[in-house]
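The values are calculated or read from the model by the stated rules, or taken from the named source; none is laboratory data. These numbers were taken from a predicted model, which means no experiment stands behind them. So basically every Cβ, Gly included, is an ideal-geometry build from the backbone, and we count neighbours across all protein chains shown. Just the protein is used for accessible areas: all its heavy atoms, side chains included, with ligands, DNA and RNA removed. Shrake-Rupley method; radii C 1.70, N 1.55, O 1.52, S 1.80 Å.
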Amino acid sequence: FSLTGSTPDDTLLAAAKAGTLTTDVQIQAQVTRLLDSTRGKTQIGRFAGIWFNTDSVLNETRDTTKYPKYTASVQKAMAQEVREVFKNLFYDTSAPLSDLFDANYTYANKELADYYGISGPTGSSFVKVSNLEKRGGITTAGAFLVANAHPDRSSPIQRAVRVRELMLCQHIDPPPNNLAADRTALQMKVEELNKAGTLTTRQFYEINTDSPTCAGCHAKIINPLFGTEDFDQMGLWRSTELGATGSSLNIDNA
């Protein structure tokens, strides 16, 4: 079940009945066969969606009047993109593990490619899109970026915690319970400084964590993931950020 997400197929049942599942070689042969089957490949992709929590993009709502291209089918394509990238790494023995983080390619169908603004795919099937300058690897996949963001702004904290916990196997303790006063004061500071609506997401979080009780943890948690600020809460590349009036920072793709 762990290899295919289903019950034994006829070939495996026949091998068991014939008593040819007794040696390591016989068992390994069946494992390889199952992994190489259609069901096995689907299960490997499913594993990636669970591991990176990227299937949760299917539940991420956005203002579709503001972002009409963010459709249910695009969400499904984002989730599938991660599965396809991981399947490529799993089955292609020449692909380095580092491609999980810094590949210059992804897998997309035409709808997802159009959403990202990249060329290549022409149909509904997912194909490899190579030599990308601004996208590649799990951390720049739309599903990862959207699932780890707020509806109105990106979230370097969420993205950093997911990378450290899910990809680097590091445990991040939850914030302490005595932060209410600090957070209120910092929020007031954000609102005061952002009256013109010009704070970037990075500035927003730097101010919101600028206290002794917050800064110690955040210096270790979020700094490395400010690099993902090249992508907004919609999983789209941006070169600038535009802040709306107020601390909610409705950041648009510019």
Project the alpha carbons of region 80-166 onto their principal axes and report the range along each, largest first, in whole Å. 33, 29, 21
Order the peptides 39-45, 215-221 from the highest to the lowest mean number of other Cβ atoms within 10 Å of their residues. 39-45, 215-221
Quick one: which residues, 5+ away or cross-chain, put their amide H under 5 Å from the amide H of Ser154? H built at 1.01 Å from N. Gln233
Inter-label distance for Thr122 and Thr20, nm, one decimal - labels placed 7 Å from Cα along Cα-to-Cβ: 4.4 nm
Just one of (i) 0.93; (ii) 1.02; (iii) 1.07 is Rg/Rh (Cα atoms, Kirkwood Rh) calculated from these coordinates, so which is it? (iii)
Taking the Cα centre of region 111-237 as the origin and placing charges on Cβ (Lys, Arg +1; Asp, Glu -1), which of Val190, Trp237, Thr200 is farthest toward the positive end of the dipole? Trp237
Could you work out how far apart the two model spin labels at Lys195 and Ala219 are, taking each label as a point 7 Å from the Cα in the direction of the beta carbon, and quote it in nm? 3.2 nm
Looking at Leu3, Met78, Gln43, which one has the Cα that reaches farthest to the positive end of the dipole of region 1-84 (charges on Cβ: Lys, Arg +1; Asp, Glu -1)? Met78
With a Förster radius of 51 Å, plug the Cβ-Cβ distance of Thr240 and Lys41 into 1/(1 + (r/R0)^6) and report the FRET value to the nearest 0.05. 0.80
Connecting C-alpha atoms closer than 10 Å in a GNM of the chain, tell me which of Asn194, Asn59, Asn177 has the biggest fluctuation. Asn177
I need to check one value: relative contact order of region 1-151, counting alpha carbon pairs closer than 8 Å and at least 6 residues apart, in percent. 22 percent
What does the convex hull of the Cα atoms of region 1-121 come to per residue, in Å³, rounded to a whole number? 131 Å³
State to the nearest 20 debye the size of the charge dipole of region 1-93 about its Cα centre, where the only charges are +1 on K and R beta carbons and -1 on D and E beta carbons. 240 debye
Given contacts defined as C-alpha pairs under 8 Å and at least six residues apart, what's the relative contact order of region 112-224, whole-number percent? 20 percent
The chain: Lys pairs at Cα distance under 25 angstrom, eight or more positions apart or on different chains: 21
Output ³J(HN,Hα) for region 38-46: one whole-Hz value per residue in order, computed from phi by the Karplus curve 6.51 cos²θ - 1.76 cosθ + 1.60 with θ = phi - 60°, and x for Gly and Pro. 4, 5, x, 5, 5, 5, 4, x, 4
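Quick check: at a probe of 1.4 Å, how many percent of the accessible area of the chain sits on carbon and sulfur atoms? Walk me through the numbers before you get to the answer.
On the way: 7470 of 13480 Å².
Of all accessible area on the chain, carbon and sulfur atoms account for 55 percent.
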Per DSSP H run of at least 4 residues, take -39500 (n - 2.57); add these up for the chain, divide by its residues and hand me the 222 nm value, nearest 500 deg cm²/dmol. -12500 deg cm²/dmol
Might you report the magnitude of the Cβ-based charge dipole of the chain about its Cα centre, with Lys and Arg at +1 and Asp and Glu at -1, to the nearest 20 debye? 360 debye
If one takes the longest principal axis of the Cα atoms in the chain, at what angle in degrees, from 0 to 90 and to the nearest 10, does the Cα axis of helix 180-193 lie? 70 degrees
